[in-house]
Amino acid sequence: MTLQDIPVTTIRGEETTFGELADGRVTLVVNVASRCGLAPQYEQLEELQRAYGERGFTVIGFPSNQFLQELSTEEAVAEYCSTTWGVTFPMSQKVRVNGRHAHPLYKELTGNADVDGKAGRITWNFEKFVISPTGEVKRFAPKVLPTDPEVVASIEEWLPSN
């Protein structure tokens, strides 16, 4: 199974695949949590969505309560993200990102190392994976901001030329 074939259930309960959500675009996958001190990163994630969405890019948020900082229901998460941060990018239902019951996408993505050579478990909320349309992956630590020059350069590297 490729990344594209991995099943994903949206925050609204619709069954799809990662490939259908990504739709051939450069994709930034982020495990998000509404009660996390890093939640203000939602603003920058939405900023990237608006800046690059029409050029072939999308953010996909994967809410997770793995670190005990997410709201209790998908409805509450969706409302919080929409009303607090104006989120327009796709979101999945709540998932586990580590362990035996980790979502299949995270089982695949965590094999990729970040710039410091660290692969393996998700260390905290807002860990980021920039994925090319061909499946190449670049990983960024939770405290690396979505608009950090290295993240933006990774997105722009894989976007179609204007």
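The values are calculated or read from the model by the stated rules, or taken from the named source; none is laboratory data. All values derive from a computational prediction rather than experimental measurement. In this analysis, Cβ positions are derived from the backbone assuming ideal geometry, glycine residues included, and neighbour counts consider all displayed protein chains.
One table, with the values for the structure above:
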quantity: Number of the exception - ALA102 against (1) hydrophobic (A, V, I, L, M, F, W, C); (2) more than 18 Å from TYR42 (Cα to Cα); (3) in contact (Cβ under 8 Å) with a residue 60 or more places away in the chain; calculated: (3)
quantity: Residue match in segment 50-73 (condition: surrounded by 17 or more Cβ atoms within 10 Å (Cβ to Cβ), part of a strand (DSSP E or B) and among the hydroxyl-bearing types (Ser, Thr, Tyr)); calculated: yes
quantity: Given (1) among the polar types (S, T, N, Q); (2) over 21 Å from GLY19 (Cα atoms); (3) in a helix (DSSP H, G or I), index of the condition THR147 fails; calculated: (3)
quantity: Some residue of segment 115-124 being crowded, with 18+ Cβ neighbours inside 10 Å and touching a strand residue (DSSP E or B) at 6+ places or on another chain (Cβ under 7 Å); calculated: yes
quantity: Filter result for GLN4 (buried (at least 20 other Cβ atoms within 10 Å of the Cβ) and touching a residue at least 12 places away in the same chain (Cβ under 8 Å)); calculated: no
quantity: Subset tally (residues that are closer than 21 Å to GLY24 by Cβ and out of contact with any Asp or Glu (no Cβ under 9 Å at 6 or more places or on another chain)) for segment 134-153; calculated: 6
quantity: Only one of LEU48, LEU38, LEU28, LEU3 that is at pLDDT below 95, of a type in the set (A, V, I, L, M, F, W, C) and closer than 25 Å to THR147 by Cβ; calculated: LEU3
quantity: Residue tally, condition part of a loop (DSSP other than H, G, I, E, B) and within 16 Å of the chain's Cα centre (by Cα), over segment 114-144; calculated: 15
quantity: Those residues of segment 83-106 which are of a type in the set (D, E, K, R) and either surrounded by fewer than 16 Cβ atoms within 10 Å (Cβ to Cβ) or over 24 Å from THR10 (Cβ atoms) (or both), in sequence order; calculated: ARG100
quantity: Selection count, segment 10-27, where residues are touching a helix residue (DSSP H, G or I) at 6+ places or on another chain (Cβ under 9 Å), outside any loop (DSSP other than H, G, I, E, B) and of a type outside the set (A, V, I, L, M); calculated: 6
quantity: Filter result (outside any loop (DSSP other than H, G, I, E, B) and closer than 19 Å to LEU109 by Cβ) within segment 74-97; calculated: MET91, SER92
quantity: Number of the condition not met by LYS138 [criteria: (1) among the basic types (Lys, Arg); (2) buried (at least 16 other Cβ atoms within 10 Å of the Cβ); (3) closer than 23 Å to LEU71 by Cβ]; calculated: (3)
